[in-house]
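Scroll down for the structure; my scribbles are underneath it.
Any read-out appearing in this document is the output of simple, stated calculations on the displayed coordinates, not a laboratory observation. Just so it is clear, the structure is predicted and the values come from calculations on it, not from any experiment. Positions of Cβ are generated from backbone atoms using ideal geometry, with glycine treated the same way; all protein chains shown enter the neighbour counts.
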Ligand SMILES: [Zn+2]
Ligand SMILES: [Zn+2]
């Protein structure tokens, strides 16, 4: 099974259009070593023919162009017909609107996400006016045959993040996915948004070959400390990397071959290749995703 990181940044990308934090400035001026990143999304495949998208970012057009496997140069109808959603945030779903030229789209989402995408953002209603959309209900804990040699199982990710749109169930607002190659029985876990690494969530990582996990902020007060927002990382639904209850302390000891931070916010110092925070991750054998990184398990 192959996993291609199409976008490795959190919402806004890196650099973000309206931001002048030290990382964004470094990305623009080249003053420190770092590479720009587009918004979070991955593609997975067991055969390099059919690929499945996990989240559809607003950068989906250039992400597809950057990856020849997704081009339909052989005249096929479409390499990308299914999108699995981890939540209904705009940076994970706005790309669906940019896929409206498709002949048909299958959107895997929980009931909660479906409610938000229909009556909250209205994104699925808009998309449905342009191209046929089939909603595939994601039920946490249930194994689903995705076809093309892959199965998935979603797991619920509890969150207290304030909902922007009322009316959707809290259960299933955010999920992670475990995707398994049926031929090899190897699996990856994709978890770009997680507020707290509870014992139940840590159990979902057991036996996986690669963990792609929320690396939004280094510290909980990262945004307030830069004067950019009043909300902490946890307020925004993202466990920070550092600290005693941060993700690094919890995932670093796990016997997983590849542990990779994805969904990295532009304020996060790990984006600078020479930062002490980045070097600390290297010492603890945890990787930082870049756009275009591909792994085979
Ligand atoms: Zn996001
Ligand atoms: Zn910034």
Whole-Å semi-axes of the ellipsoid equivalent to the range 112-241 (Cα gyration tensor, √5λ, descending): 26, 23, 12
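Once R0 is set to 35 Å, what does the formula 1/(1 + (r/R0)^6) return for the Cβ-Cβ distance between residue 231 and residue 31, expressed as a FRET efficiency to the nearest 0.05?
0.80
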Pairwise centroid distance, computed over Cα atoms, of the range 4-72 with the range 104-121, Å: 23 Å
Paramagnetic label zone (point 7 Å from Cα along Cα-to-C-beta, residue 163; backbone N under 19 Å) in the range 114-156: 114-125, 137-140, 155-156
Theoretical gain in end-to-end length, residue 17 to residue 185 [0.36 nm per residue, Cα-Cα removed]: 56.3 nm
Scattering curve values for the chain, log₁₀ I(q)/I(0), Debye with Cα scatterers, q = 0.11, 0.12 Å⁻¹: -0.61, -0.73
Antiparallel DSSP beta bridges within the chain, as percent of all bridges there, nearest 5: 55 percent
Residue-span extension gain [residue 274 to residue 297] - 0.36 nm each, minus C-alpha spacing: 5.4 nm
Separation in nanometres of the label points that stand 7 Å from Cα toward Cβ, at residue 285 and residue 125: 5.1 nm
Calculated [θ] (222 nm, deg cm²/dmol) that DSSP helices of n ≥ 4 give over the chain, each run adding -39,500 (n - 2.57): -3500 deg cm²/dmol
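Can you tell me the order of 258-268, 120-130 when each peptide is scored by its average per-residue count of other Cβ atoms within 10 angstrom, highest first?
Listed from highest to lowest mean packing, they are 258-268, 120-130.
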Relative contact order [Cα under 8 Å, 6+ residues apart], the range 147-293, whole percent: 19 percent
Ratio Rg/Rh, restricted to the range 163-297 and using Cα atoms, in which Rh is the Kirkwood radius: 0.97
Sequence ranges 4-10, 89-95, 240-246, ranked by mean other-Cβ count within 10 angstrom, highest first: 4-10, 89-95, 240-246
